[in-house]
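Below: one structure, written as structure tokens.
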Amino acid sequence: NCKPVTIILIIICGKNSDVESHLEMGKKLLAAGQLADALSHFHAAVDGDPNDYMAYFRRATVFLAMGKSKSALPDLNKVLELKPDFTSARLQRGNLLLKQGKLSDAEEDFKKVLKSSPSEKEEKEAKSQLVKSEEIQQLVSQAHSVFSQKDYTSAITYLDSIIETCMWNVVFRELRAECFIQMDEMGKAISDLKVASRLRNDNTEAFYKLSSIYYQLGDHEMSLNEVRECLKLDPDHKQCFSHYKQVKKLNKQILAAEDLIQQQRYADAVIKYESVMKTEPNVHHYTHQAKERICHCLSLVEAILTCSEVLASDPQNVNALKDRAEAFLQDEQYEEAVRDYETASKYSEGDRQIKEGLEKAQRLMKQSKKRDYYKILGVKRTAQKKEIIKAYRKLAQQWHPDNFQDADEKKRAEKKFIDIAQAKEVLTDPEMRSKFDQGEDPLDPESQQGGSTHFHAWDGFQGFNPFGSGPFTFKFNFN
């Protein structure tokens, strides 16, 4: 009868020994800053003895060190369930609850700490945090009061102070975001809503607001990304689904229009951008940019068509040949431009404008068969610096070598990444861009005479506006 008892005692002893071993090893690893390894040992300790409050407390400590407060809180709850008088755990939980903005629960923990014969340090911290929580309660009341009076500036001032302590509270973040929206400070509103969407896993409202803001700002691609996140959480979300259909349709039309322009199908691009204005007539950004792109397309199409009509009846008209050649250059049809300038030179020898135009067209034609920085970034030659940087950041993010695991793909990405960085370097430097626009590659040793080349690493990412063309100007030489 004694043997089974002896076996049980041995098993229990062995079990406790394993738990102690894991706790000791975990403490050493934690002290050495090896958090992941320490966490593994504390997991094992909890599994070995689910009633060991110290195992939960140690694991919570690691979670906090790793910035995983959501995982730490359940462990601290379990510690206090097993050992209600564990002051350090209660103080830790009170601090977490305060950061989450659960002020009443936090105050309850701090008050219990003060009643449990705490150490001098714990007493001082509990009193300090209790005072802070009471101050925040007053600030919250004041913030709601001025918000209801539409005094958004004052509300933001109060909320700044609140969020400085309650940085993990979703409600305060969203309230401040709403203040920023009302004050038309959309960048700040986006920042708060981004945080709010991460703090609560099912925050469909934050994703919907983000998508709506991006849409109003004209960033249809980011708008589409955010509304998709909303639908991942709730496929039946009525507002998100309705908004998704609108953004998807608009996004598809804009991308199709830009693709048609790249294919030099300008008439079709005009029709597509007219559809964009019908799809979204109420957001100024889309109607304005659609009209700008339509103007761009019509300028080139009408110039080429008009000159061609003149030349059909008067093939030796030098002015028409020069004008059409210039239009071809603007449209990046370099071979056609060279042909027109050569034809014009036959009928007007010594014309300086023709000579310079022909040389430029020949350089650009030669350049287009090599490395074209505009094509690398997918922007027009008339693109502004801001558009170039947007295009660069999007492509740099897409082709960063760290995004690829396969060796061949990584090697290809590295080459692409360097090309993108060099394109940005040339096109954002006025002197280098001017050289390139004249047909000289400032980064090509063959084009340089003792010059040096350089380019810098890329910086942070931002969204990309597909509307890339600046104002198009075209001067006819005849009436």
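In region 176-201, which residues have a backbone nitrogen under 19 Å from the label point lying 7 Å from T153's Cα in the Cα-to-Cβ direction?
Under 19 Å, as judged by backbone N against the label point of T153, lie 176-189 of region 176-201.
If the chain between I418 and S313 were fully stretched, how many nm would it gain, using 0.36 nm times the residue separation less the Cα-Cα distance?
Net length gain for the segment: 32.8 nm.
Pop a pseudo-label 7 angstrom from the Cα along the beta-carbon direction at both N282 and K132 and give the gap in nm to one decimal.
The answer from the label model is 4.5 nm.
Which stretch or stretches of region 141-163 have amide N atoms under 16 Å from the point lying 7 Å from M183's Cα along the Cα→Cβ direction?
In region 141-163, the label zone of M183 (backbone N under 16 Å from the point 7 Å along Cα→Cβ) covers 143-163.
Which percent of Cα-Cα pairs in region 53-103 sits in each 5 Å bin, short to long?
Computed distribution, short to long bins: 5, 26, 34, 24, 10, 1.
Please grab the % of Cα pairs in region 218-258 that end up more than 17 Å from each other. Working shown, then result.
Details: 219 of 820 pairs.
The calculated P(r) of region 218-258 puts 27 percent of pairs beyond 17 Å.
Using +1 at the C-beta of Lys and Arg and -1 at the C-beta of Asp and Glu, which of I418, V338, H400 has the Cα lying farthest in the positive direction of the dipole of the chain?
Going by the Cα projections, it comes out as H400.
State the percentage of accessible surface on the chain attributable to carbon and sulfur atoms; use a 1.4 Å probe and exclude ligands, DNA and RNA. Please list the in-between numbers first.
Working: 12950 of 26070 Å².
So the carbon and sulfur contribution to the accessible surface is 50 percent.
Can you give the local net charge around L39? Use residues other than it whose beta-carbon is closer than 10 angstrom to its beta-carbon, Lys and Arg +1, Asp and Glu -1.
That sum, taken over residues with Cβ under 10 Å, equals +2.
Count neighbours as other Cβ atoms within 10 Å of each site's Cβ, and list the GluC sites (Glu not before Pro) in region 306-373 that are DSSP loop with at most 10 such neighbours. Don't skip to the answer; put the middle values down first.
On the way: sites: E309, E326, E332, E335, E336, E342, E349, E356, E359; in loops: E332, E349.
Those satisfying the criteria are E349.
If you roll a 1.4 Å probe over the heavy atoms of the protein chains, what accessible area per residue do you get for the chain, in Å²?
The answer is 54 Å² per residue.
Mind listing which GluC sites (Glu not before Pro) in region 105-168 are in a DSSP loop and have 11 or fewer other Cβ atoms within 10 Å?
Sites meeting the loop and neighbour criteria: none at all.
Give a residue-ordered list of calculated ³J(HN,Hα) values for region 304-317 (Karplus: 6.51 cos²θ - 1.76 cosθ + 1.60, θ = phi - 60°; whole Hz; x for Gly, Pro).
5, 5, 5, 5, 5, 5, 5, 6, 5, 9, 9, x, 9, 6
Taking region 114-218, which trypsin sites (Lys or Arg not before Pro) meet the DSSP loop condition and have no more than 13 other C-beta atoms within 10 Å?
Hits after loop and neighbour filter: K115, K150.
With axes computed from alpha carbons, what is the tilt in degrees of helix 204-217 against the longest principal axis of the chain, rounded to the nearest 10 within 0 to 90?
In the chain, helix 204-217 runs at an angle near 20 degrees to the longest axis.
Can you give the calculated 222 nm mean residue ellipticity of the chain, where each DSSP H run of n ≥ 4 adds -39,500 (n - 2.57) and the sum is split over every residue, rounded to the nearest 500 deg cm²/dmol?
Using -39500 (n - 2.57) per qualifying helix, the result is -24500 deg cm²/dmol.
What FRET efficiency do you get for H144 and K386 if R0 is 45 Å and r is their Cβ-Cβ distance, rounded to the nearest 0.05?
0.70
The values are calculated or read from the model by the stated rules, or taken from the named source; none is laboratory data. From a predicted model like this one, the values you see are computed outputs, not experimental measurements. With ideal geometry, Cβ positions are generated from the backbone for all residues, glycine too; neighbour counts draw on all protein chains shown. With ligands, DNA and RNA removed, areas are computed over all heavy atoms of the protein, side chains included. Shrake-Rupley method; radii C 1.70, N 1.55, O 1.52, S 1.80 Å.
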